[in-house]
1. Go through region 46-86 and give me each residue that's open to solvent by less than 100 Å² (accessible area, probe 1.4 Å), part of a strand (DSSP E or B) and over 16 Å from Leu33 (Cα atoms).
2. Report yes if Asn46 is on the phi > 0 side of the Ramachandran plot and without any contact (Cβ under 8 Å) to a residue 40 or more places away in the chain, otherwise no.
3. Do we find that Ile42 is open to solvent by less than 100 Å² (accessible area, probe 1.4 Å), β-branched (Val, Ile, Thr) and in a strand (DSSP E or B) in this structure?
4. Can you tell me which residue is surrounded by the fewest Cβ atoms within 10 Å (Cβ to Cβ) among those in region 18-39 that are free of Cβ contacts under 8 Å to residues at least 12 places away in the same chain and within 22 Å of Pro71 (Cβ to Cβ)?
Amino acid sequence: MKMHPPIQSPVPDAPLIDNMFAPELLAGGLSGLSLINGIVTITLENPRADHARPDPVLERVVVGRVGMPVPIAQALLCALYQFLSQHRLNPLMAQSEQHRQ
C-alpha cells in the first residue's frame, strides 16, 4: 500500500502528536456538503439497522461531520486526488462506475 506523505501543516513549526486513542469513523456514504462563513462541512453517513424493532430496516444514519476552513478543504481535495491516482483509481469517477469499465 502506498502511503501519502504528511500534509503540510498550516503551523509548520508545531510538532505532530499521533494520538492512538483518537476516535475513528467509518463512513459508507456522503450525505452532503455545506459552506458557511468560510467553513466547509462534510456530513458522513453509514447504513445501519435498528434490531430493537420487530422488522428492522436499513437506514442511512449520520455518523459525523467534519468542518474545515476552505484552504484546508482544498488541501484535502488535492491530497485525495493524488492518493487515489497513485493507487490507480480515477479520482473523478465514482467507484461503481470504475467497476463497470
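1. Those that are open to solvent by less than 100 Å² (accessible area, probe 1.4 Å), part of a strand (DSSP E or B) and over 16 Å from Leu33 (Cα atoms): Pro47, Ala49, Glu59.
2. When the stated conditions are applied, Asn46 does not pass them.
3. yes
4. Asn37
The values are calculated or read from the model by the stated rules, or taken from the named source; none is laboratory data. The shown structure was predicted, so the numbers you read here are calculated from the model rather than taken from an experiment. Neighbour counts are summed over all protein chains in view; Cβ atoms, including those assigned to glycine, are modelled from backbone coordinates with ideal geometry. Surface accessibility is based on the protein's heavy atoms, side chains included, excluding ligands, DNA and RNA. Shrake-Rupley method; radii C 1.70, N 1.55, O 1.52, S 1.80 Å.
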